Amino acid sequence: MLNIGCHLSVSKGFEFMGKQALELGGNTFQFFTRNPRGGKAKEIDKNDTDALIKLMKENNFAKILAHAPYTLNPCSKDERTREFALEAMTDDLNRMEYLPYNMYNFHPGSHVGQGVEKGIELIAEHLNKVLHKDMTTTVLLETMAGKGSEVGSRFEELMAIIDRTELSDKMGVCLDTCHVFDGGYDIKDNLDGVLEEFDKIIGIDRLKAIHLNDSKNPLGSHKDRHEKIGEGYIGLDAFRTIVTHPAIKELPCFLETPNELDGYAKEIALLKSF
Ligand code: FE
Ligand code: FE
Ligand code: ZN
């Protein structure tokens, strides 16, 4: 059975999101660790995280995925911004240990004119400060669309970061279907080829999660505008192939499509029907 869920709001707590995921027909979910534009995270209530752990066990949940705030940029030119990235991610990873053995996803960052090489170097430096050997969370680099000066739109860039990370056994990759398509990887007509390339460059074992989003723009557009499943340039047939692909069908998949909850429920049902 497909492991699927969608992005949910953390505002009513962790157990609430677990119940919501079930109501929507899913068995996992994604949430922002704090306001996506930055700011302080809410205190963790251990009763609440324990209740979610219990609910997840009882309902055969797949791993859940925490998403770092968008403002987190470990390869910014500005030192204060890099400091914020360090503080926020260190705090997030400490909090994740209330929900052990799950996953944490972040956008590698934008190098803002410093060049990809410098960007990769700063991101790896950042990871070497925040990862520690006792943590149980797997940290995922998200594949990016290549908008502006984003690092991570090429598999080679993601691997270069992982290669420079000392505790690389803590690292994985989250493949965002909209982002890779916008980045020029043709998952619509050549999914096998793209996954072979991923395997050759990064290693398929590093693939830990999928963001399922259609794209408002054509292949290689570098735009990053998500569309509802089947209503964009990737199209429904491709999503059927994606969620049933042997390299993907066991992984937790997360919808980040422009939807309210009822729209998510419909997409979850549709994708499960494949
Ligand atoms: Fe993301
Ligand atoms: Fe995404
Ligand atoms: Zn996106």
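The values are calculated or read from the model by the stated rules, or taken from the named source; none is laboratory data. Because the structure is a prediction, the values reported are computed rather than measured. Neighbour counts run over all protein chains shown; Cβ positions are idealised from the backbone, glycine included.
Does ARG225 count as under 16 Å from the mean Cα position of the chain (by Cα), touching a residue at least 40 places away in the same chain (Cβ under 8 Å) and away from ligand 1 (no atom under 16 Å from the Cβ)? Even if it seems obvious, please write down each step before you answer.
On the way: under 16 Å from the mean Cα position of the chain (by Cα): yes; touching a residue at least 40 places away in the same chain (Cβ under 8 Å): yes; away from ligand 1 (no atom under 16 Å from the Cβ): no.
So ARG225 fails the test.
Given the conditions (1) more than 16 Å from ligand 1 (Cβ to nearest atom); (2) surrounded by fewer than 20 Cβ atoms within 10 Å (Cβ to Cβ), report the number of the one that LEU93 does not fulfil.
(2)
Please find, within the stretch 77-111, the residue that is nearest to ligand 3 (Cβ to nearest atom) out of those that are free of Cβ contacts under 8 Å to residues at least 40 places away in the same chain and part of a loop (DSSP other than H, G, I, E, B).
First pass over the stretch 77-111, keeping only residues free of Cβ contacts under 8 Å to residues at least 40 places away in the same chain: 77-81, 83, 87, 94, 100-102, 106.
Still in the list and also part of a loop (DSSP other than H, G, I, E, B): 77-78, 100-102.
Working: LYS77: 23, ASP78: 23, PRO100: 27, TYR101: 26, ASN102: 21 Å.
In this case the residue turns out to be ASN102.
From the residues in the stretch 37-76 that are among the small types (Gly, Ala, Ser) and not in a helix (DSSP H, G or I), which one is surrounded by the fewest Cβ atoms within 10 Å (Cβ to Cβ)?
Going residue by residue through the stretch 37-76, those that are among the small types (Gly, Ala, Ser) are 38-39, 41, 51, 62, 66, 68, 76.
Now narrow it down to the ones that are not in a helix (DSSP H, G or I): 38-39, 41, 62, 66, 68, 76.
Numbers: GLY38: 13, GLY39: 10, ALA41: 15, ALA62: 23, ALA66: 23, ALA68: 23, SER76: 21.
Per the criteria, the residue is GLY39.
Go through (1) part of a loop (DSSP other than H, G, I, E, B); (2) within 16 Å of ligand 2 (Cβ to nearest atom); (3) without any contact (Cβ under 8 Å) to a residue 40 or more places away in the chain; (4) surrounded by 15 or more Cβ atoms within 10 Å (Cβ to Cβ) and name the single condition ASN27 misses.
(2)
Do any helices (runs of 4 or more DSSP H) entirely within the stretch 134-223 hold 1 or more residues that are small (Gly, Ala, Ser) and more than 17 Å from PRO108 (Cα to Cα), and if so, which?
Numbers: elements: 155-163, 177-182, 191-201.
Passing ranges, in order: 191-201.
Can you find, within the stretch 34-71, the residue that is farthest from ligand 3 (Cβ to nearest atom) among those that are modelled with pLDDT of 95 or more, aliphatic (A, V, I, L, M) and farther than 13 Å from TYR98 by Cα?
LEU55
Go through the stretch 244-270 and report how many residues are over 26 Å from VAL151 (Cα atoms) and within 16 Å of ligand 2 (Cβ to nearest atom).
Filtering the stretch 244-270 for residues over 26 Å from VAL151 (Cα atoms) gives 244-246, 249-250, 259-270.
From what is left, the residues that are within 16 Å of ligand 2 (Cβ to nearest atom) are 259, 264, 267.
Result for the stretch 244-270: 3.
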